[in-house]
Amino acid sequence: MVVNDFKITIKAKKVPLNINNKIIEYIQDSTLQNNHLHCEIYFQEILISQGIILDFYKEFEILEGFDKVPFTHILTFEYNGREYQSFTKFGKTIYEMKYLNNPPIENKIRELYIDNIISHFNGYINSLKENYSNLNITYIPSQSKIPDDISNKLSKVNTIPLKANISKSSSVSSKSITNLSTQEFNKYSVDLSQSNTNDNFILIDDVIGTSASLCETMYKLYNFNKKVNFFFIPVKDVKR
């Protein structure tokens, strides 16, 4: 299992250009009714996973340089003499929950944020429940506890078993990875001893960066049940 075995297609109303991630193919589709990103993951040209990302992390526009080559520019705004990058609605939500720690946001606000994210995923999960049996929810654990909390609530609201079977087995920090080719696929362990091959999995994460963690975990789930599994994630990093 190497990087070049994977391909991810992401279909959205607006897509970034010239991003240094060779396994991702962005497809612009102006007919989509919302800002959600519709994703498919292939391993050696075999479809192994489908998913929904609610939006990109930050606001961006496509500009054309003096060389006539279009490029992706993150939008910014000025406040009190300083320049800040602009987040999307869901990007701001995730940023506040992950990084506002001193002081952290109030628990009731965090709960509202989690509930808002869940409300967008529930429709997709209801569709899955109509077409698939033996659904299980799992998640990529995070220090922020965002995937953990989303998974717990989605499990309870939709009466789908929750299996906390993914654990981090590497000291490599995702934040230090700028290019997918630098990532080794041994970062996560997936314990499937309490599952069976008839299970279908819905994986939850908070943010996709290079997509290395997503590819690794979705491949390990596919390798277990030989089925197309699913994922739901609030935001995608624009530049990775």
Tally up the residues in the stretch 129-147 that are touching a strand residue (DSSP E or B) at 6+ places or on another chain (Cβ under 6 Å) and not in a loop (DSSP other than H, G, I, E, B), please. 6
Having 2 or more residues that are modelled with pLDDT of 95 or more and touching a Gly at 6+ places or on another chain (Cβ under 6 Å) is the bar; report the strands (runs of 3 or more DSSP E) wholly within the stretch 169-240 that clear it. 229-236
Residue check, Arg82 at pLDDT below 95 and at negative phi: yes
Just one of Tyr124, Tyr139 is at pLDDT 90 or above, among the hydroxyl-bearing types (Ser, Thr, Tyr), within 14 Å of Ile233 (Cα to Cα) and surrounded by 18 or more Cβ atoms within 10 Å (Cβ to Cβ); which is it? Tyr139
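Out of Ile105, Ile109, I need the residue that is open to solvent by less than 40 Å² (accessible area, probe 1.4 Å), over 30 Å from Pro16 (Cα atoms) and either among the β-branched types (Val, Ile, Thr) or in contact with a Cys (Cβ under 7 Å, 6 or more places away or on another chain) (or both). Which one?
Ile105
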Considering only the stretch 209-235, state which residues are within 20 Å of Ile125 (Cα to Cα) and crowded, with 19+ Cβ neighbours inside 10 Å. Leu214, Thr217, Met218, Leu221, Tyr222, Asn229, Phe230, Phe231, Phe232, Ile233, Pro234, Val235
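Which strands (runs of 3 or more DSSP E) does the stretch 1-102 wholly contain that include 2 or more residues that are buried (at least 16 other Cβ atoms within 10 Å of the Cβ), within 15 Å of the chain's Cα centre (by Cα) and touching a residue at least 60 places away in the same chain (Cβ under 8 Å)?
By residue number, 6-12, 37-43, 46-56.
The values are calculated or read from the model by the stated rules, or taken from the named source; none is laboratory data. In this text, all values refer to a predicted model and were calculated from it rather than measured experimentally. Cβ: placed from backbone, ideal geometry, glycine included. Neighbour counts: every protein chain shown. Note: accessible area is taken over every heavy atom of the protein model, side chains too, but ligands, DNA and RNA are not part of it. Shrake-Rupley method; radii C 1.70, N 1.55, O 1.52, S 1.80 Å.
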